[in-house]
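Novice: Structure incoming, see below.
The values are calculated or read from the model by the stated rules, or taken from the named source; none is laboratory data. This structure is a prediction, so every number in the text was calculated from the model and none was measured. No Cβ is skipped: glycine too gets one built from the backbone with ideal geometry, and neighbour counts run over all protein chains shown.
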Amino acid sequence: MTTNEPVKNEAVKTRIALYRFWTYDLWGNENDGWEVNDRYDRGLVEVIQEETIYNRGSEHEFVSWECSKESLKEAVAAIVDLDWEGENEYTLYATYEGKPICELEFHELKRGE
């Protein structure tokens, strides 16, 4: 069966990715906007990624590894749901109600994964 809808693998495959966790020193406010003045390295954190298969059964089938929001939230010890943008293989940026909170910079896949 060919479909363009992403399909989670029946037996969900996961892997662990290591990201460098950065927090921010911000300037600004809600009215004028926010600017990142500096960022601070908080070390490496583990994030669980789940396999998703796109275009299953077609010649254009490919696999993507996605970070779940829960895994991201746990990795940065957030007590609220953050909005994430970016690409899993590079850098993910978190905001809360428009305010920059932190970023996760891809480091490597954990050995044995």
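Novice: Which of the residues spanning region 30-57 are within 17 Å of residue 91 (Cβ to Cβ) and of a type outside the set (Phe, Trp, Tyr)? Even if it seems obvious, please write down each step before you answer.
Specialist: Our first condition is that a residue be within 17 Å of residue 91 (Cβ to Cβ); within region 30-57, this holds for 36, 38-47, 49.
Answer for region 30-57, where residues must be within 17 Å of residue 91 (Cβ to Cβ) and of a type outside the set (Phe, Trp, Tyr): 36, 38, 39, 41, 42, 43, 44, 45, 46, 47, 49.
Novice: Another question, if that's okay. Among the strands (runs of 3 or more DSSP E) contained in region 49-113, which hold 2 or more residues that are basic (Lys, Arg), surrounded by fewer than 14 Cβ atoms within 10 Å (Cβ to Cβ) and within 9 Å of the chain's Cα centre (by Cα)?
Specialist: Result: empty, no element qualifies.
Novice: Being modelled with pLDDT under 95, closer than 22 Å to residue 74 by Cβ and loosely packed, with under 12 Cβ neighbours inside 10 Å is the filter here; which residues of region 1-40 pass it?
Specialist: Hit for region 1-40 is 12, nothing else.
Novice: Check residue 45 against each of (1) in contact with a helix residue (DSSP H, G or I) (Cβ under 7 Å, 6 or more places away or on another chain); (2) at pLDDT below 95 and name the one condition it does not meet.
Specialist: In the conditions (1) in contact with a helix residue (DSSP H, G or I) (Cβ under 7 Å, 6 or more places away or on another chain); (2) at pLDDT below 95, residue 45 misses (2) alone.
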